[in-house]
Amino acid sequence: MEMRAVYAQCLAEMMEQDKHVCVLDADLSKASGTRNLYERFPRQMFDCGVAEQNMASIAAGLSSYGFKPWIESFTPFATRRICDQIAISISYAKSNVKIVGTDPGISAELNGGTHMSLEDIGVVRSIPGIVIFEPVDEVQLRAAMPVLGAYQGPVYMRLFRKVQPVVFPEDYQFDLFKADTLREGKDLSIFVSGMFTKDCLDLAETMKAEGVDAEVINVHTIKPIDRETVIASARKTGAVLTVENHNVIGGLHSAVVEALAREKVPVVAFGVQDRFGEVGKTPYLRKAMGLTQEDLLAKAREALSLK
């Protein structure tokens, strides 16, 4: 299923069980996958128009009256456009608001540079008291949604809208604050978030043929990062590669480096190299931004060379 369809299904289940759960969108319910919810839950759905700052403020107000709002828009408009509202109305006020940014990073594709947010984690991660989560596949998203809904406090979720390769088994047990070790290894630690997770598992298989035993860990929650798992893996392997659909500044790479600041372990970053996005389909964007499978292998070899 498309990730947005799973997201909408989970919202419907929560809205059915709890009338305090509501959804606010910025005239993007079709893009977010929630348009059909207007018919089922007309008193729990609100179209705020193309006015994300107002949407965030309304959600904060609803939260103060005991409602449990989810707000959604394209990633740049759910983060950098409403940064002040997230900081003051939501996080400072300890509002129980869930923020969903769709089409993170290069998945914005043909919407181009204005809609291609490569800095959203960095923007939000600097705000105190907020959790940042990025699901990998429909299994993880389905397991995570009720956990996020039950969590008391602000959460920012980066939501890939379309179909993603399934990585997790159906009996997967989700822990919001614990990273998932997908493959154990002793030579290289690969910490990955979001859409490149399957690529990293494929990379580990490629490197196995070269005699390298790579450990692959999905860091689904970038803030607060699971420092215990990150440090333990880095100490075991002695070399680290971070992989993300985001600027290498401010996102997963920065979070991992901060966690490993006292460890003498080399860390190499695979991600967008401090630039804006552009118009293009995913294969083109991956090539233009140095995000191909060949680039990933080169970065992994670089990390190993620094041991």
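Read-outs: derived from the displayed coordinates by stated rules, not from any lab. Small disclaimer: the values here were computed from a predicted structure and weren't measured. Here the Cβ is made from the backbone with ideal geometry for all residues, glycine too, and neighbour counts use every protein chain on show.
Brief remarks follow.
- Residue-averaged [θ]222 nm for the chain, counting only DSSP H segments that reach four residues, each worth -39500 (n - 2.57): -10000 deg cm²/dmol
- Share, in percent, of DSSP beta bridges within the stretch 181-274 that are antiparallel, nearest 5: 10 percent
- The residues neighbouring residue 21, those whose beta-carbon lies less than 10 Å from its own, together hold a net charge of 0 under the Lys/Arg +1, Asp/Glu -1 convention.
- When the Cα positions of 88, 169, 144 are compared along the charge dipole of the chain, 88 comes out farthest toward the positive end, with charges on each C-beta of Lys, Arg, Asp and Glu.
- 30 Å Cα-Cα threshold exceeded, pairs from 94/281; 68/281; 98/198; 178/299; 68/198; 281/307: 94/281; 68/281; 68/198; 281/307
- Applying both filters, DSSP loop and at most 14 other Cβ atoms within 10 Å, to the trypsin sites (Lys or Arg not before Pro) of the stretch 1-54 gives 19, 43.
- Rough spin-label spacing in nm, given labels placed 7 Å along Cα→Cβ, for residue 80 and residue 93: 2.5 nm
- For the listed peptides 179-190, 95-106, 161-172, 141-152, a ranking on the average number of other beta carbons within 10 Å per residue, highest first, reads 95-106, 179-190, 141-152, 161-172.
- Dipole magnitude for the stretch 176-307: about 180 debye, using +1 per Lys or Arg Cβ and -1 per Asp or Glu Cβ, origin at the Cα centre.
- Zone residues, the stretch 97-134, relative to residue 284, backbone N less than 12 Å from point 7 Å out along Cα-to-Cβ: 109-113
- Contact order relative to length of the chain, as percent, for alpha carbon pairs under 8 angstrom and 6 or more apart: 17 percent
- Per the Cα gyration tensor, the stretch 180-305 maps to an equivalent ellipsoid with semi-axes of 22, 17, 12 Å, ordered largest to smallest.
- Backbone N under 17 Å from the residue 114 label point (7 Å along Cα→Cβ), restricted to the stretch 269-307: 276-280
- Loop-resident sites, the stretch 219-306, for chymotrypsin sites (Phe, Trp or Tyr not before Pro), counting at most 16 other Cβ within 10 Å (DSSP): 276
- When DSSP beta bridges are restricted to pairs lying wholly in the chain, around 10% turn out antiparallel.
- Loop-located trypsin sites (Lys or Arg not before Pro) in the stretch 236-300, at most 14 other Cβ atoms within 10 Å (DSSP): 262, 264, 275, 281
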